[in-house]
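J.: Got a structure here, written out as structure tokens. Questions coming.
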Amino acid sequence: RGKLLGGSSSINGHLYVRGQAHDFDTWAQRGNPGWSYADVLPYFRRANLTVVTHAAVMGLDLDGRRVLGLRYRRGGRECQVRAGREVILAAGAIGSPHLLQVSGVGDPAHLADLGVSVRYALTGVGANFQDHYAVRLVHQVTRPVTLNERARGPRLLWEIGRWFMNGSGLLAFSPAHVGAFLRSRDGLAAPDLQFVFTPASYSDGVTGQLQKTPGMTIGVWQMRPESLGFVRAATADPRDPPVIQPNHLTAPEDCRALIDGLRWCRRLMASDALADVRGPETLPGPAVASDDELLDYGRARGATVYHAVSTCRMGDDPMAVVDARLKVHGLDRLRVVDASVMPTMVSANTNAATLMIAEKAADMIVEDWRVGA
């Protein structure tokens, strides 16, 4: 019962009914002071949540440096929301800087190009973009023991049946079955490469379309990239997508790590444990051997891991956007709470760290409200 987000509240009749005032007055009359309807009404109201779907935020409303609320469009109509205490911006490492920029908060030169009036100058908004960039190596497999065969024809029907019967099988698998962390070279204090392995291969290196013959794939990315990109509003209209320029592999260290990572992939694929199933390497193929060839392959066939961070990064330097309590520098009543505030990239997938940021932010918000900060 209730085994989903929201628990049993998500599987009730979708009716939210407070009950009569008399119900709660009776509670108080039975020797429970503080439980009358007048006492509990503020808590009904606090239960601090209306989710507006099919809506797009158009920008923040500011009065000088004070953030009053926000504007959103829904069904062709623009609406306003006023904040009782503060606005919490949690649109992600792409959306948060974009909304700040179209609201007039960002690099003055960029805002001038957009024709957006500068409400507050913060040069770091949208800068310092970081992301993990992965490259894959693929081998054929000599026996029908991979996911490729299980995702076609009668085998796929069987896997679908397993999912419906007991939630197991192909449809319950994670995209990556094995993970590893290694140092690309001697002398490093900590691992700098993350590897993922899956007993499957994809058509022409495209994720999502499995090959018809058995295959296996290993991917690698540098965990702490030095290349920095940016997110910039393309126009003053928040409905227009921003320019996202990750600048992958512009730092020499990132290029070196990618080359070393691909060589590690080959060493791992050549291990004795895989000898009885290992077929020839199909991507990039044995002809790609030199450092320059591996780097060219990585540039051409690598892809984002969707770990965008740091575009509204935390700190006290001139390029920082929020302080250590996630409040936007120079503005009142506005925080950013998402992956954009990370000062640097974490040495892992970014979801766990983002959830931690949200939990810590919740505590800080309550603390600040209690002391009136």
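J.: With the condition kept exactly as written, say whether any residue in the stretch 223-241 is part of a helix (DSSP H, G or I) and either more than 24 Å from the chain's Cα centre (by Cα) or not polar (S, T, N, Q) (or both).
T.: No, the stretch 223-241 has no match at all.
J.: Any chance the stretch 242-256 includes a residue that's farther than 24 Å from Asp107 by Cα, open to solvent by less than 80 Å² (accessible area, probe 1.4 Å) and assigned to a loop (DSSP other than H, G, I, E, B)?
T.: yes
J.: Here is a further query. Within the stretch 290-313, is there a residue that is in contact with a Leu (Cβ under 9 Å, 6 or more places away or on another chain), among the hydroxyl-bearing types (Ser, Thr, Tyr) and not in a helix (DSSP H, G or I)?
T.: Yes; the residues of the stretch 290-313 include at least one that is in contact with a Leu (Cβ under 9 Å, 6 or more places away or on another chain), among the hydroxyl-bearing types (Ser, Thr, Tyr) and not in a helix (DSSP H, G or I).
J.: Run down Arg136, Arg162, Arg152 and say which single residue is modelled with pLDDT under 90 and in contact with a Ser or Thr (Cβ under 9 Å, 6 or more places away or on another chain).
T.: The match here is Arg162.
J.: Same structure, new question: Which members of the stretch 306-363 meet the condition of being open to solvent by 10 Å² or more (accessible area, probe 1.4 Å), of a type in the set (Gly, Ala, Ser) and under 22 Å from Pro108 (Cβ atoms)?
T.: Result: Gly315, Gly330.
J.: Name the single residue that is modelled with the highest pLDDT among those in the stretch 269-305 being crowded, with 18+ Cβ neighbours inside 10 Å and within 16 Å of Gln194 (Cβ to Cβ).
T.: Gly298
J.: Sticking with this structure for a sec: Can you tell me which residue is farthest from Arg278 (Cα to Cα) among those in the stretch 177-189 that are among the hydrophobic types (A, V, I, L, M, F, W, C) and open to solvent by 40 Å² or more (accessible area, probe 1.4 Å)?
T.: It comes out as Ala189.
J.: Now for a different question. Of the conditions (1) part of a helix (DSSP H, G or I); (2) open to solvent by less than 30 Å² (accessible area, probe 1.4 Å); (3) on the phi > 0 side of the Ramachandran plot, Asp204 fails just one. Which one is it?
T.: Result: Asp204 passes all but (2).
J.: Would you pick out the residues in the stretch 207-236 that are touching a strand residue (DSSP E or B) at 6+ places or on another chain (Cβ under 9 Å), open to solvent by 30 Å² or more (accessible area, probe 1.4 Å) and closer than 20 Å to His110 by Cβ?
T.: Those that are touching a strand residue (DSSP E or B) at 6+ places or on another chain (Cβ under 9 Å), open to solvent by 30 Å² or more (accessible area, probe 1.4 Å) and closer than 20 Å to His110 by Cβ: Leu228, Phe230, Arg232, Ala234.
J.: Looking at the stretch 41-55, which of its residues are surrounded by 10 or more Cβ atoms within 10 Å (Cβ to Cβ) and either in contact with a strand residue (DSSP E or B) (Cβ under 7 Å, 6 or more places away or on another chain) or in a loop (DSSP other than H, G, I, E, B) (or both)?
T.: Correct list: Val52, Ala55.
J.: Being touching an Asp or Glu at 6+ places or on another chain (Cβ under 6 Å) and farther than 23 Å from Ala190 by Cα, is that true of even one residue in the stretch 290-300?
T.: For the stretch 290-300, residues touching an Asp or Glu at 6+ places or on another chain (Cβ under 6 Å) and farther than 23 Å from Ala190 by Cα: absent.
J.: Taking only the stretch 316-373 into account, find how many residues are assigned to a helix (DSSP H, G or I) and either out of contact with any strand residue (DSSP E or B) (no Cβ under 8 Å at 6 or more places or on another chain) or aliphatic (A, V, I, L, M) (or both).
T.: Qualifying residue count, the stretch 316-373: 23.
J.: Across the stretch 62-83, which residue is surrounded by the fewest Cβ atoms within 10 Å (Cβ to Cβ) among those that are aliphatic (A, V, I, L, M) and not in a loop (DSSP other than H, G, I, E, B)?
T.: Filtering the stretch 62-83 for residues that are aliphatic (A, V, I, L, M) and not in a loop (DSSP other than H, G, I, E, B), the one surrounded by the fewest Cβ atoms within 10 Å (Cβ to Cβ) comes out as Val81.
The values are calculated or read from the model by the stated rules, or taken from the named source; none is laboratory data. None of the values given here were measured: they were computed from a predicted structure. Here the Cβ is made from the backbone with ideal geometry for all residues, glycine too, and neighbour counts use every protein chain on show. Please note that ligands, DNA and RNA were not included when accessible areas were found on the heavy atoms of the full protein model with its side chains. Shrake-Rupley method; radii C 1.70, N 1.55, O 1.52, S 1.80 Å.
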